[in-house]
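Have a look at the structure that comes next, please.
The values are calculated or read from the model by the stated rules, or taken from the named source; none is laboratory data. A quick note: this is a predicted structure, and the numbers were derived from the prediction, not measured. Note that each Cβ is placed from the backbone with ideal geometry, even for glycine, and that neighbours are counted across all protein chains shown. For accessibility, only protein heavy atoms count, side chains too; no ligands or nucleic acids. Shrake-Rupley method; radii C 1.70, N 1.55, O 1.52, S 1.80 Å.
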Amino acid sequence: MAKNWWKEGVVYQIYPRSFQDSTGNGLGDIQGIIDRLDYIQSLGVDMIWLCPVYESPNDDNGYDISDYRKISADFGGNPAFDRLLEAMHARGLKLLMDLVANHSSDEHHWFQQAQKSRENPYHDYYIWKSGTPDSPPNNWQSVFSGSAWKWNAATEEYFLHLYTQKQPDLNWENPKVRQEIYDIVDFWLAKGVDGFRMDVISLISKRLEFADTPQEMPFIDVMEQIYANGPRIHEFLNEMNREVLSQYDIVTVGEGPGVNLEHGPRYVSAAAKELDMVFHFDHLTIDFGPDGKYDPVPLDFVRFKEIFSQWDAALAADGWNSIFLGNHDFSRIVSRFGNDGQYHQESAKLLVLLLMTLRGTPYVYQGDEIGMTNITHDSIEAYDDVETRNAWKAAEAAGKDMDQFLKAVHWQSRDNARTPMQWNGENNAGFTSGTPWIPLNPNYTTLNVSAQEEDPQSILHFYRKTIAFRKANPTLVYGDYQDLAPDDLHLFAYRRWDANGSFWVIHNFSDQQQPLPEHFKPQTNQVFGNYPTDHALKLRPWESRVYKD
Ligand code: GLC
């Protein structure tokens, strides 16, 4: 296994509009991040993944880019970005940008031109199908509800948008489009950025027959079999690697909706020269029911563990995993996988210990280091997220039980992860002196960074210790992995080992005490844990222990 800086590092993900406002306009900005670099560095992380900060009409909070070379004035413009990059490099921190190349904004000048006429030189930058206004070319649904096609009267055609109507899909079949993207990538890499997280990159190669999706196919399968992993995906990624990525010592992580065990290894195979890592979603779609995300089913814990084991095995010989439990698109990890009530502290600590002891590069999402929790609004009006709002409208139109649906929104809305960072217990949690763009979680008065800085037992201090523990032990980075109790309904227990020895890690994912499994051998040499050490043969609720021999 080749060693790399990006395998050994830990990533901190920032959702800039919710991180720190420095101007009082209610929106986080780049100067706010610069002001918090001491804090970020104090966590012991090595890289920051910055969600999009480019110019954008913000139909999807920056994932709709109207100028790929400009930083939005909302965030401080290009000069602020240059200052951030310099300040980070001065501290030895690396910066990963978000590259949104499956689609642009409809306000990008390419699309503004493209929509004018079929003869326009930019027309072929997007995906068009002729037709009549009342019958879209096929039954494809947007990820954000409704048809994936929008009528364009000027050319009497539809264009494809797998996300919102303001996010038209780019036509990667067109070599000029690919060259444009490579030039953009080169522009930022030449400036010194250290890599990219590539948004929904698994979707860039379309199945050109544009056949209808089979009726009744669950959306997860549509994603996997129809939208993602298209016929030229590996060719395009390999080309991007050859043309631009390989010229720099950088890291790439591709967001991979629909990337499964069959396709995943190829994306990250060192030999195939495409990407370094992908984010697969097998463990985060685990509670999606037949009707998708807003039709949740109980989490199958045995399956959850199996997903980690299968992916570890699939990438053990060639490739590398990314280890994450949430981001700006999912619920808060302690609310989803832990217990955000009675065992808030214990379970938040358990989750970071899980992240830091699996094989792969770990990603920490802002606010998880203090155990930020989901938000529960009484009415849909308080939600901002376009995905949530569209899903709501679609559910209403379909005559669903909307009280039930609101519960699903509480559980799954992306706004759970987008409430502002809770810095202190004062006005607006220290996030802004103005009116925040999205409501704060009211628990900021007690759950915040300042309070946790003061408390040596806090989740925040435990994150620091756990990140340091991982970084001090390369066995936890590169060592082999084996699940020791795959069928256990409450315990996640595994061994990580290499020539230097073994770590035996055990997590109790339950509110009850659980006995140590018989075959879990070492019982005395505990080196780390989220409770004061005792050698009892029972694990306390949400207890995590690491033994070494
Ligand atoms: C990715 C982003 C998400 C965005 C979508 C469309 O999934 O993480 O926030 O809405 O792509 O760009």
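Give, as residue ranges, the strands (runs of 3 or more DSSP E) completely inside the range 452-549 that count at least 1 residues that are over 20 Å from L358 (Cα atoms).
Working: elements: 480-483, 491-498, 501-508, 526-529, 544-548.
Answer list for the range 452-549: none.
Can you name the condition, by its number, that Q457 falls short on among (1) in contact with a Leu (Cβ under 6 Å, 6 or more places away or on another chain); (2) assigned by TED's automatic domain parsing to the domain that holds N424; (3) open to solvent by 30 Å² or more (accessible area, probe 1.4 Å)?
(1)
Condition (residue is within 16 Å of the ligand (Cβ to nearest atom) and open to solvent by less than 10 Å² (accessible area, probe 1.4 Å)) applied to the range 177-185: is it met by at least one residue?
Among the residues of the range 177-185, at least one is within 16 Å of the ligand (Cβ to nearest atom) and open to solvent by less than 10 Å² (accessible area, probe 1.4 Å), which makes the answer yes.
Conditions first: (1) touching a residue at least 40 places away in the same chain (Cβ under 8 Å); (2) in the same structural domain as D415 (by TED's automatic domain parsing); (3) within 16 Å of the ligand (Cβ to nearest atom). E55 passes all but one, so which condition is the exception?
(1)
Which pairs do you get when a residue that is without any contact (Cβ under 8 Å) to a residue 40 or more places away in the chain, found in the range 424-444, comes within reach of a residue that is surrounded by fewer than 18 Cβ atoms within 10 Å (Cβ to Cβ) and part of a helix (DSSP H, G or I), reach meaning Cβ atoms under 7 angstrom, with the pair 6+ apart or on two chains?
N424/S450; G425/T445; G425/S450; G425/A451
Also, quick follow-up: Could you say which residue among R359, R389, R332 is among the basic types (K, R) and open to solvent by less than 10 Å² (accessible area, probe 1.4 Å)?
Going through R359, R389, R332 in turn, the sole match is R332.
Here is a further query. Please work out which one of (1) of a type in the set (A, V, I, L, M, F, W, C); (2) buried (at least 20 other Cβ atoms within 10 Å of the Cβ); (3) assigned to a loop (DSSP other than H, G, I, E, B) is the condition L299 fails and give its number.
Only one criterion is unmet by L299, namely (2).
A quick yes/no check of all residues on (1) more than 25 Å from H108 (Cβ to Cβ); (2) open to solvent by 10 Å² or more (accessible area, probe 1.4 Å):
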| site | (1), (2) |
| --- | --- |
| I226 | yes, yes |
| R232 | no, yes |
| E239 | no, yes |
| V244 | no, no |
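Among the residues of the range 33-52, which ones are of a type outside the set (F, W, Y), under 17 Å from A87 (Cα atoms) and in contact (Cβ under 8 Å) with a residue 60 or more places away in the chain? Outline the logic, then answer.
Of the residues in the range 33-52, the ones of a type outside the set (F, W, Y) are 33-38, 40-48, 50-52.
Keeping just the survivors that are under 17 Å from A87 (Cα atoms) gives 33-38, 40-48, 50.
S42, L43, G44, V45, M47, listed by residue number.
Among residues belonging to the range 362-391 that are of a type in the set (D, E, K, R) and assigned to a helix (DSSP H, G or I), point out the one that is farthest from E8 (Cα to Cα).
Step one: of the range 362-391, the residues of a type in the set (D, E, K, R) are 368-369, 378, 381, 384-385, 387, 389.
Those still in the list that are assigned to a helix (DSSP H, G or I) too: 368-369, 381, 387, 389.
Values: D368: 20, E369: 19, E381: 43, E387: 34, R389: 39 Å.
By that ranking, first place goes to E381.
Residues being free of Cβ contacts under 8 Å to residues at least 60 places away in the same chain and either part of a loop (DSSP other than H, G, I, E, B) or under 22 Å from the mean Cα position of the chain (by Cα) (or both): count how many of those fall in the range 143-164.
The total comes to 6.
Conditions tested, residue by residue: (1) farther than 20 Å from T361 by Cβ; (2) modelled with pLDDT of 95 or more; (3) open to solvent by 70 Å² or more (accessible area, probe 1.4 Å).
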residue: G479; (1), (2), (3): no, yes, no
residue: L489; (1), (2), (3): yes, yes, yes
residue: A493; (1), (2), (3): yes, yes, no
residue: R496; (1), (2), (3): no, yes, no
residue: A499; (1), (2), (3): yes, yes, yes
residue: V505; (1), (2), (3): no, yes, no
residue: F509; (1), (2), (3): yes, yes, no
residue: Q512; (1), (2), (3): yes, yes, yes
